[in-house]
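The structure under discussion appears below in the form of structure tokens.
Just so it is clear, none of the values below were taken in a lab; they were calculated from the coordinates. Please read all numbers here as calculations on a predicted model, not as lab measurements. When we count neighbours, we look across all protein chains shown, and the Cβ atoms used for this are built from the backbone with ideal geometry, even at glycine.
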Amino acid sequence: MKLSRKTAALAAVLAGVLAAGSACGADDDGGSGRITLVVDTFGSFGYEELFTQYEKDNPGVKIEHRNEKEHEKVYVPKLLQYLEAGSGAGDVVALEEGILTSLRGQADRFVDLADHGGAALESDFIKWKWDLGKSVDGSSLMALGTDVGSLALCYRTDLFAKAGLPTDRAEVGRLWPTWADYVATGERFQAKVSGTRFVDGPAALFNAILSQEAPKHGNYTYFDTSENYVADKNPAVKTAFDLVNSLKAKNLSSGLKSFTPEWQTGFKKDSFATMACPAWMLGVIKENSGDAYADKWDVAAVPGGGGNWGGSYLAVPKQSKHPEEAAELAKFLTGPQSQIAAFKAVNALPTSPQALADPQVAQAVNGYFNDAPVGEIFAAGASSLQPVRLGVKNVEVRTVFEDVLIAIGQGKLTPAEGWTKAVEDGRDKAE
Amino acid sequence: MNDSLPRATLLTRVMLAAALVLSAFPIYWMFVIATRGNDVVGQVPPPLLPGGDLGDNLERLWATKDANFLLGLTNSAIVASTVTVSVVLLSSLAGFAFAKLRFRGRNPLLVLVLLTMAVPLQQMGIIPLYIMMVKLGWAGELKAVILPFLVNAFGVFFMRQYVEQAIPDELIEAARVDGCSTLRIYWSIVFPALRPAIAVLGLLTFMQTWNEFIWPMVVLTPSNPTVQLSLSALNGAHFQDYTLVFTGTALSTVPLIVIFVLFGRQIVGGIMEGAVK
Amino acid sequence: MKQNRPLARAVTWFDLKAAPYVLISPYFLLFAVFGLFPLGFTVWVSLHDWELAGDRAWLGFTNYTELLVDADFWNAVVNTLGMFVLATIPQLLLALVLANALNKRMRFRLLYRLGVLVPMVTSIVAVAVVFGQLFARDHGAFNWLLGTDGLDWQADKLTSWTAISVMVDWRWTGYNALIYLAAMQAIPRDLYEAAAIDGASPRRQFWRITVPMLRPAIIFTALTSTIGGLSLFTEPVMFAQGDVGGGSLGQFQTVAMYMYESAFRDRDYGYASAVAWMLFLLILLVSLVSFLFTRRIGGTK
């Protein structure tokens, strides 16, 4: 008797555990008929309210949002792993321009959105944004554009005042028509203020300057138009590299790596006074700084006169179990009204001509940034922006350059050693 | 025998006290930050006393959908319990056979078990296992993190050692004379006698499985995570919210601390028991 | 109770001869599927240019020959060995001292034993989150305590190794101490009494009696630490916020991280499998060295 009770007890435990195990893993809510769409994004897309609205308008859809703040080293590898494995990716995935470029040859992994009424949306997008969303051979509409990273420069008014620098955004913009002027301003700032560095770190600045320099040198960066690796020959790369290192050499940089915890803590600890600001960065600054820093940041013109940092897209992987519904959601999220909503939420600059012209965008002011006329600053020039041509392996090479710049900042490499290493390691990745 | 030990000197006591503080402080501090607001981030010196924000932090934790924290906790409970039951059961079966039954090839097979203990399967097997799970379509599902852990060499070896010394051969002989089958001997004699060893092996297995990280990270997705993946998502998904991350970290440790408080004596005993051999 | 009928005899025979195999078979079957097969499969994959989608090309030993001249791989080997030495030697020495302290007559013995073991309940992820914060460059508690304001622990090989070793040691020292303690309690007391009569000081007794008698336990802990230390992964990955690259120049990238990077970031499964085998060889080699080294502990043969 004793024996059988024990056996029964153990069997019950096992059965319970197995039953619990088998109840799990299903991604749909059983019989309710409601499907779950997973949306993968990185950084900050400003979609939270749009998701709530979409769920309300489409009772059959439940949205699961998965955000990852770090792009190159965490978000991208996981996404590529899922794509290759044939499972695990979201139903809708955000693709940054660089990674989209490398995936445009793999149209077979993504739903052709033209099959889901996407083709009719052409007039909703700036032409180049629309064109880049197609596969290399142009046969498939792989992705729909979200935003474009029109460039500006963000600065802390309170710290500028402390350094005896002007705080008005127009006057600040006049301080630095060129990047050399920007460095000179940095020296003036640093002479008066200690404890805070002039700029946050090397990576964002490097990418910003590179995207400005590229159009002057064939409009490409690490790879020329025939996909040859030219990082060592393209003056745009070297110019950006040297400028960033000159900031470090003059001790003007905090040397922080974007999106690391210390960078994020830096916002609340006055670790830096300026940073390169693609439009979407405003949302990042606001989220990291919190209410205590409202009105302490402002937005001025970027040295060197404008620039296009790039932007993102949404796509639907073929592995999605609900391609039809996912495509609908992607269309909704990239539509002009949604782009306006995302702009309001995190300053993601629209790529829809209608949205850009809309007074809610064109005349927008951002309350958090001292009522900066962000519509005027970012939207005005957006239609005329041209994309920089990127190579298939641009993300890999970019990561190498960013790592080397960090290492130079840490004092582990001299700029000259760093240049050699970046060029050679980049070449390894390119092959 | 204990009385023959030399008395602890003052120096020894001070040293041990210091060791206790060093051991406990990071855990204590984790809970402290979990009860504080984000204003303490980067505060120097760091805060050492709890605050009143635990409820608020927990609320934010539940509201953080990308981390799927509740699902992570549930999944980990399922995975760790299943693995624990299996390891304990299968290890005790094999351990019993190796310790008390005679069969051809017993010693070579036991050596084989010992050898497999030395292979870092975690690292060696990760790529082929991943390829396998993808081919089977199991990637992302809980069985992918359960099946590879259902047995382990340490468990078999540990049980063999225990059965060997805890159960006299005569008892088994007597049962045989009474006509008991091997399985019946296991159920009515061996299994009950193994209770202390089962407790220890079970607890260690549970803790280890609960804390497993690499393999779940490779094969699961954030949509269906274990608690460690939820933690890592919490750390990565959001803008700097230290107290939120610490709250999650503290919460994920609570079940193990409860186990430790309840069964700490047995765990200590088990580790020391296993070591003597 | 006599059993004369053939059927019953057959059942008994089966029970005696076959039952043992039935009892051990779940272990061996599961191990074969999830342990042995992957091991062999790793070899097969390592000889190919392998893609998850199914494409593969035979490469022979190309992956291995490339690996042998791969500077990043050797960097990872150096880091792994460096962190192993930096973490293990202090850890085992500390555990020895701690065990000796615990092996005294005192009150609250269980409390002390539980206390040194408590770090084991925390997950490595939790450890890394907490220590990552303590080791922060700006406003970190360690920099504040040590007065090394602005020291970037991740920047340098030695500092990053130290930070990671501290995490490893915090978690495992107590566990090893308990193993030593158990072995110490098995040492016959009369050995000490005899030594005391000969006038040997407690310190001398510790090095001349305790340590040599602990040799099996020391060998055991050295081997487990070797396997664990050389496959180090989670601590450095979490230290770098989930990046398997191990710092700006890979200053704390371990071999296991390099394997992971090759497989799941570069998606070169063949190359990663070759790294896995090299890691295995490395572990065997270092285990052998550890064994030979610890076997000599205590001087006498």
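Cβ under 9 Å from A:Val39's Cβ, A:Val39 left aside: what net charge do those residues give with Lys, Arg +1 and Asp, Glu -1? Kindly include the intermediate steps, with their values, before the conclusion.
On the way: positive: A:Arg66; negative: A:Asp40, A:Glu64, A:Asp91.
Counting the neighbours of A:Val39, the net charge comes to -2.
Note on segment B:29-74 and segment C:159-238: Cα centroid distance 36 Å, given to the nearest whole angstrom. When DSSP beta bridges are restricted to pairs lying wholly in the protein assembly as shown, around 65% turn out antiparallel. Taking R0 as 25 Å, what's the FRET efficiency between A:Thr52 and A:Lys321 from their Cβ-Cβ distance, rounded to 0.05? Using R0 = 25 Å, I get an efficiency of 0.60. For B:Gly51, the residues whose amide H sits under 5 Å from its own are B:Thr35, B:Arg36, ignoring neighbours fewer than 5 places away on the same chain, with H placed 1.01 Å from N. When the listed pairs A:Lys286/A:Lys344; A:Lys162/A:Lys296; A:Lys69/B:Lys143 are checked against a 18 Å cut-off, the alpha-carbon distance exceeds it for A:Lys69/B:Lys143. Once C-alpha pairs closer than 8 Å and six or more residues apart are averaged by separation and normalised to the residue number of chain C, the relative contact order reads 26 percent. For chain C, the mean residue ellipticity at 222 nm estimated from helices alone is -21000 deg cm²/dmol, where every DSSP H run of n ≥ 4 contributes -39500 (n - 2.57) and the total is divided by all residues, rounded to the nearest 500.
Positive contributions from Lys and Arg (+1) and negative ones from Asp and Glu (-1), summed over other residues with Cβ under 10 Å from the Cβ of A:Gly90, come out at -2.
Each of A:Tyr75, C:Tyr64, A:Tyr82, A:Tyr155 has some number of other Cβ atoms within 10 Å of its Cβ, and from fewest to most they run C:Tyr64, A:Tyr82, A:Tyr75, A:Tyr155.
Placing dummy labels 7 Å off each Cα toward the beta-carbon, the span from A:Ala180 to C:Val85 is 5.0 nm. In whole angstrom, how far apart do the alpha carbon centroids of segment A:59-93 and segment A:339-407 sit? After rounding, the separation between the Cα centres reads 22 Å. With R₀ set to 22 Å, the beta-carbon distance separating A:Asp168 from A:Lys192 gives a calculated FRET efficiency near 0.75.
Neighbour counts of other Cβ atoms within 10 Å put A:Glu64, A:Glu262, B:Glu170 in the fewest-to-most order B:Glu170, A:Glu64, A:Glu262. Put the Cα centre of segment B:173-240 next to the Cα centre of segment C:1-70 and the gap is 22 Å.
Once a ≥ b ≥ c are taken as the square roots of the eigenvalues of the Cα gyration tensor of chain B, is the result rounded (a/c under 1.5), prolate (a/b larger than b/c) or oblate (a/b not larger than b/c)?
Oblate, because a/c is 1.5 or more while a/b does not exceed b/c.
Rounded to the nearest 10 degrees, the inclination of helix B:126-136 to the longest alpha-carbon principal axis of chain B is 90 degrees.
Among the trypsin sites (Lys or Arg not before Pro) within segment A:75-126, which fall in a DSSP loop and have no more than 10 other Cβ atoms within 10 Å of their own Cβ? The partial results should precede the final answer.
On the way: sites: A:Lys78, A:Arg104, A:Arg109; in loops: A:Arg104.
Those that pass, being in a loop and sparsely packed, number zero.
Compared with the dominant Cα axis of chain B, that is its longest principal axis, helix B:153-166 is turned about 50°.
Modelled spin-label separation between C:Leu110 and B:Asp39, with each label point placed 7 Å from Cα along the Cα-to-Cβ direction: 4.3 nm. Pick from B:Ala19, B:Ala175, B:Ala97: which residue has the top mean-square fluctuation in a GNM of chain B where Cα pairs under 10 Å get a spring? In this elastic network of chain B, the residue with the biggest mean-square fluctuation among B:Ala19, B:Ala175, B:Ala97 is B:Ala19. Using only alpha carbons, the protein assembly as shown has a radius of gyration to Kirkwood radius ratio (Rg to Rh) of 1.00.
Mean Kyte-Doolittle of at least 0.0 plus a Cα span of 24 Å or more along the axis: flag which DSSP H helices in chain C meet both, please. Please list the in-between numbers first.
Values: long enough: C:71-102 (45 Å, 1.51); C:157-185 (40 Å, 0.40); C:269-295 (38 Å, 1.77).
Those that clear 24 Å and a mean of 0.0 are C:71-102, C:157-185, C:269-295.
Between A:Lys269 and A:Asp232, the modelled labels are 3.9 nm apart [label points 7 Å from Cα along Cα→Cβ]. In segment C:6-46, the inverse of the mean reciprocal separation of distinct Cα atoms equals 12.3 Å; this is its Kirkwood hydrodynamic radius.
Over the residues of chain A, the helix contribution to mean residue ellipticity at 222 nm works out to -13000 deg cm²/dmol, using -39500 (n - 2.57) for each DSSP H run of at least 4. Computed from Cα positions, the angle between helix B:195-210 and the longest principal axis of chain B comes to roughly 40 degrees.
Multiply the residue gap between C:Ile187 and C:Ile297 by 0.36 nm, knock off their C-alpha separation, and tell me the result in nm, one decimal place. Before the final figure, lay out each step's value.
Details: separation 110, 0.36 × 110 = 39.60 nm, distance 1.65 nm.
This chain segment gains 38.0 nm when fully extended.
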